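Reading through the structure tokens given below for one structure.
The values are calculated or read from the model by the stated rules, or taken from the named source; none is laboratory data. For clarity, every value in this text was computed on a predicted model and none was experimentally measured. Positions of Cβ are generated from backbone atoms using ideal geometry, with glycine treated the same way; all protein chains shown enter the neighbour counts. The area values use the complete protein model at the heavy-atom level, side chains included, leaving out ligands, DNA and RNA. Shrake-Rupley method; radii C 1.70, N 1.55, O 1.52, S 1.80 Å.
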Amino acid sequence: MILAWVGSALTMLVFLTKDYEELSREAARMVINAIRRKPALRLGLATGSTQAGLYAELVRAHREEKLDFSRVSTFNLDEYVGLPAKHPQSFRSFMSRNLFDHVNIPPNQIHIPDGTLRGNFDETCAKYENEIRSSGGIDLQVLGIGRDGHIGFNEPASSLASRTRVKILTRQTLEDNRAGFAPGEEQPQAAITMGIGTILEARRLLVLASGTAKARAVAMAVEGPVTASVTASALQLHPDATILVDREAAAELRRKEDYERALEMTRKLTPGRLW
Ligand code: F6R
């Protein structure tokens, strides 16, 4: 009875951390455990400022604890359309700077959508889906949340069944990602992104959110209705999603006490569900 309660009362496990540093350390601990448990982990990755602390911790674990990435394969969620891979704001560059240049993932095990979209758009997207599927599927997908509640670049009004495709970015997302582009420089208006349907097929999801700017999106994702208007709310449909939030990002959650109790009970009764 109690086990059933733990399984059904909350679709998501919500971890509350005190600040960004603790959030990054906890997220890294979870990813490191997953790699130690399965050295050939198929790891889905996100870009953005929220992820920087996690990647710094993974690099530290590689250097200091000999965490081995040689059998890990990675699949990034998204990439800007029309930006050369070498541009400092491309997601490929972000990943190289923050992680890939500092750990031992063989380059042929790194997958990032091809934002240059040479040839046919649909073909490029189908090819990425195929790469994920033929690898055996993603074991653990790391995600961030946009201020408008997006995951990947699935902006509001994206189909919850969507697959990898090109999405036009909203004004708010363009504004949020403006820093880093030179004044007057043209900013990409679109991105190629895994769809919500693609993301929901990953076996486990680990979502990170930090700071006051994310508080509304987090509350809507965790406690709001499942809706294409807030694509992060689709996380509620996943059987094994964990969201890590710092105090600021948790500010608008109404059921914090319940989440803490659920976590405690899960620790006791179904520790396998934890990391
Ligand atoms: C990027 C991605 C986006 C970001 C989100 C939050 O790969 O998937 O969904 O995670 O825009 O970005 P930050 O962390 O910069 O606030």
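By the rule of a C-alpha distance below 18 Å, with chain neighbours fewer than 8 residues away ignored, the lysines paired with residue 38 are 66.
Once C-alpha pairs closer than 8 Å and six or more residues apart are averaged by separation and normalised to the residue number of the chain, the relative contact order reads 26 percent. Accessible area of the chain with a 1.4 Å probe: how many percent of it is carbon plus sulfur? On the chain, the fraction of accessible area on carbon and sulfur atoms equals 53 percent. Between residue 211 and 246, 248, 249, the built amide H atoms are under 5 Å apart, and every one of these is 5 or more places off in sequence or on another chain. Taking a ≥ b ≥ c as the square roots of the eigenvalues of the Cα gyration tensor of the stretch 73-121, is the shape rounded (a/c under 1.5), prolate (a/b larger than b/c) or oblate? Oblate, because a/c is 1.5 or more while a/b does not exceed b/c.
Based solely on its DSSP helices, what 222 nm [θ] is calculated for the chain when runs of n ≥ 4 H residues each add -39,500 (n - 2.57) and the sum is averaged over all residues, nearest 500 deg cm²/dmol? Please list the in-between numbers first.
On the way: 9 runs with 97 residues, N = 275.
Calculated at 222 nm, the ellipticity per residue is -10500 deg cm²/dmol.
Using the Karplus relation 6.51 cos²θ - 1.76 cosθ + 1.60 with θ = phi - 60°, the per-residue 3J(HN,Hα) values for the stretch 131-140 come to 4, 5, 4, 6, 6, x, x, 7, 7, 9 Hz, with x marking Gly and Pro.
Farthest towards the positive end of the charge dipole of the stretch 9-85, among the residues 35, 47, 59, is the Cα of 35, using unit charges on the Cβ of Lys, Arg, Asp and Glu. Electrostatic bookkeeping for residue 211 treats Lys and Arg as +1 and Asp and Glu as -1; over the other residues with beta carbon under 14 Å from its beta carbon, the sum is -2. Taking the alpha-carbon distance from residue 256 and a cut-off under 17 Å, which aspartates and glutamates remain once sequence neighbours fewer than 8 residues away in the same chain are dropped? Qualifying aspartates and glutamates at Cα under 17 Å: 19, 223, 246, 248, 264. Under a 5 Å amide H cut-off, with hydrogens placed 1.01 Å from N, residue 45 pairs with 75, 76, 77, 142 among residues at least 5 apart or on other chains. For the chain, a Gaussian network of Cα nodes joined below 10 Å ranks 189, 51, 236 by mean-square fluctuation, and the top entry is 189. Taking 44, 53, 152 in turn, the Gaussian network model of the chain (Cα-Cα springs below 10 Å) assigns the largest fluctuation to 53.
The dipole here belongs to the stretch 133-269: it is taken about the Cα centre, uses +1 on the Cβ of Lys and Arg and -1 on the Cβ of Asp and Glu, and is about 300 debye. Listed values for the stretch 49-54 are Karplus-derived 3J(HN,Hα) couplings in whole Hz (6.51 cos²θ - 1.76 cosθ + 1.60, θ = phi - 60°), namely 5, 4, 7, 4, x, 4, and x replaces Gly and Pro.
Roll a 1.4 Å probe over the protein chains and send me the accessible area per residue for the stretch 122-275 in Å².
Working: 6900 Å² over 154 residues.
Accessible area per residue: 45 Å².
Considering only alpha-carbon pairs that sit under 8 angstrom and 6 or more positions apart, the relative contact order computed for the stretch 149-257 is 34 percent. Its Cα centre serving as origin, the chain has a Cβ charge dipole (Lys and Arg +1, Asp and Glu -1) of approximately 640 debye.
Based on the alpha-carbon gyration tensor of the stretch 97-243 and its eigenvalue square roots a ≥ b ≥ c, which shape applies: rounded if a/c is under 1.5, prolate if not and a/b is larger than b/c, or oblate? It comes out rounded by the Cα gyration axes.
To check you understand DSSP bridge types, tell me what percent of the beta bridges within the chain (both residues inside) are antiparallel, rounded to 5. Mind showing how you got there, number by number?
Working: 9 of 33 bridges.
Restricted to the chain, the bridges split so that about 25 percent are antiparallel.
Stretching the chain fully between residue 108 and residue 175 yields a gain of 20.8 nm (0.36 nm per residue, less the alpha carbon separation). A simple rule links phi to the HN-Hα coupling: the Karplus curve 6.51 cos²θ - 1.76 cosθ + 1.60 with θ = phi - 60°, which for the stretch 225-240 gives x, 6, 8, 5, 6, 9, 5, 5, 5, 5, 4, 5, 7, 8, x, 9 Hz, with x for Gly and Pro.
With every protein chain kept in place and ligands, DNA and RNA left out, what is the accessible area per residue of the stretch 24-105? Probe 1.4 Å, answer in Å².
41
Here the average projected area of the convex hull drawn through the C-alpha atoms of the stretch 156-212 stands at 5.3 nm².
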